[in-house]
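Participant: The structure that follows is given in the form of structure tokens.
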Amino acid sequence: RAPEDEQEEVEVGWQEKLFSQFEVDLYLNESACQTPLDWQYHEEIQKLEKAGGRKNCRIFTYTDHDRFTNLEELCQKVTDLDHEVPSYLVERMANVRRRRQDRRPVEASSLKSKIITWEPSEEFIKNNHVINTPVQTMYIMGDLGPYGKLGHREYENVLCTIKVDGNGVITVKPDFSGTKGAYRIELDGEKREVWEYTIENASAQVQPEEEEREQRVFRDLYGRHRDYLSGLVGSDFEMPLPGTLRLFINGEIVSAQGYEYDNLYVHFFLELPNQWSSSPFQQLSGVTQTCATKTVGWDKVAYFCYPFTVEMFYTQEDEGVFPNSLPQWPVLYFEVLSLDFWQRYRVEGYGSLVLPACPGVHMLTIPTWRPVGLGTVAEMRRFFIGGSPELEDLTYIRTPSTFKGKRLSRFGFRTETTGSVTFRLYCLQQSKAFLENSALRQRMQSVLDRLGGFSQQSSVYNVLEAFQRARRRMQEARESLPQDLINTSASTV
């Protein structure tokens, strides 16, 4: 057990300055005082000496403004190697203090006209390289020198580090001792001394009245914030009418790859089948920017990253009748064109995309084709003066909107395969049918099963047809039975 003169207990407040023997000897000398803080410590130590000297012996502190705090943050090691060689990143980041108490908030009226500093100095880079949460630091130190040798810097050891950031988060390292026992520091000296110390929280407990008052303030603050968010978002969401499905698409034309010429752009439009509608202000077509390609692997890829948003509504004609055929889904038609330096444009490919019927994220790559003229004259015209055979009606990519027959012949229509276009689609569906949970029969007649489950409608129709066939066979068998047998079975049941 350590003797009584080697035991010490000190209660330290936040940013409370306790001087070490080294600081007392240093700041008593007026020639060592250079900064205003040094002169302030000089006066405080003189007052302590007149009052009988400092009360603490081995335990002292370094506050946020002391030199040690700067040096400690500057010289911290990243690894536990004895001969660590700091990397370039460590050297650059070591000059950046994570504290910004001296920086005042920029007012709107005092904004600088010089937004960009083209030739920053080293000091400017050091002060503005990292903008982090303001942090105040305090170190509780221990002078663990041998008896009678207090005041030597080589015997100073950090017992505890306390940091408080601008968000009010307090970090104590190492943590309060509690039930974990005392911390140990072993010194490599002549006697190989071992020091043990504990860290306890000596803050006064909050009174119940103050804690309740604080909780009320928090509840009021959270309530105001909740009301503010509710005012931004709104409490009532518009629901579509019964028998109506809202389809919302957040789409993106990601890229186009594998085309012959450079400087590509995409023209697209959306065709709405029968029973589909959109807002009068809804844009159903668009053109991307012209994008130069870059070589990725064996292909030349143009990255558009062009976003578009589409909102559509499907209205059911008769809620109680199940349709005899699958409903048509909106189709996205698009064409890829190129534009060179001489303003010569060429059609690079046509394609179409049926919007996904399932909600969620869909990444789709659609191949394209283009018409080809007879002979070499058309290709020479395309090469030298631009232009090429193109479609008058883009719906001819699939089934033309004006076609009313049963069979569509494309015999003699010459085409060639070109590149492909990649789409990323985020699909959302909204319908009151999604809220129906009453019975399977009602759900089978709802928009949900006819449209929301579009990808599984083939299996649904197979089940319905098998059910109808089984029901007809049961009715036929029941009609063929004698009437007295049916009555007897009914009475028995």
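Participant: Convex hull over the alpha-carbon atoms of the stretch 258-407: what's its volume per residue in Å³?
Facilitator: In the stretch 258-407, the Cα convex hull volume per residue is 171 Å³.
Participant: Extending each Cα 7 Å along its Cβ direction at Ser401 and Arg67, get the distance between those two points in nm, one decimal.
Facilitator: Rounded to a tenth, the inter-label distance reads 8.2 nm.
Participant: Sorted by packing (mean other beta-carbon atoms within 10 Å per residue), highest first, where do 37-47, 261-271 land?
Facilitator: Highest to lowest by the protection proxy: 261-271, 37-47.
Participant: Going down the list Lys17/Lys180; Lys55/Lys149; Lys47/Lys163; Lys149/Lys180; Lys149/Lys173; Lys55/Lys180, which pairs span over 24 Å between their C-alpha atoms?
Facilitator: Lys17/Lys180; Lys47/Lys163; Lys149/Lys180; Lys149/Lys173; Lys55/Lys180
Participant: As an exercise, use a Förster radius of 25 Å and the Cβ-Cβ distance of Glu154 and Ile125 to find the FRET efficiency, rounded to the nearest 0.05.
Facilitator: The value I calculate is 0.15.
Participant: Within 10 Å of each candidate Cβ there may be at most 11 other Cβ atoms; applying that plus a DSSP loop requirement, which chymotrypsin sites (Phe, Trp or Tyr not before Pro) in the stretch 351-412 survive?
Facilitator: Phe411
Participant: Let me ask you something else. Taking amide H atoms as placed 1.01 Å from N in the peptide plane, list the residues 5 or more away in sequence, or in a different chain, whose amide H sits under 5 Å from that of Gly349.
Facilitator: It is Val336, by chain and number.
Participant: Extension gain Phe218-Lys432, at 0.36 nm per residue separation less the Cα-Cα distance, in nm?
Facilitator: Here the answer is 73.2 nm.
Participant: Here's something else I'd like to know. So if we plug the beta-carbon distance of Ser278 and Ile366 into 1/(1 + (r/R0)^6) with R0 = 22 Å, what FRET efficiency do we get, rounded to 0.05?
Facilitator: Between Ser278 and Ile366 the formula returns 0.50.
Participant: What order, most packed first, do the peptides 372-378, 272-278, 423-429, 328-334 have when packing is the mean number of other Cβ atoms within 10 Å of each residue?
Facilitator: Per-residue Cβ counts within 10 Å, averaged per peptide and sorted highest first, yield 328-334, 423-429, 272-278, 372-378.
Participant: Tell me, what ³J(HN,Hα) does each residue in the stretch 279-287 have, in order and in whole Hz, if you take phi through Karplus 6.51 cos²θ - 1.76 cosθ + 1.60 with θ = phi - 60° and put x for Gly and Pro?
Facilitator: Values, residue by residue: 5, x, 8, 7, 7, 9, 8, x, 9 Hz.
Participant: Sticking with this one: Please work out the Cα center distance from the stretch 1-59 to the stretch 236-292, rounded to the nearest Å.
Facilitator: 74 Å
Participant: At a Förster radius of 51 Å, what calculated FRET efficiency corresponds to the Cβ-Cβ distance of Val377 and Glu465, to the nearest 0.05?
Facilitator: 0.40
Participant: Then there's this: Please list 3J(HN,Hα) in residue order for the stretch 58-69, calculated via the Karplus relation 6.51 cos²θ - 1.76 cosθ + 1.60 where θ = phi - 60°; whole Hz, with x for glycine and proline.
Facilitator: 9, 8, 8, 9, 10, 8, 5, 9, 6, 5, 4, 5
Rule-based calculations on the coordinates, nothing more; no lab input. In this text the structure is predicted, and so the values were computed from the model without any measurement. Here the Cβ is made from the backbone with ideal geometry for all residues, glycine too, and neighbour counts use every protein chain on show.
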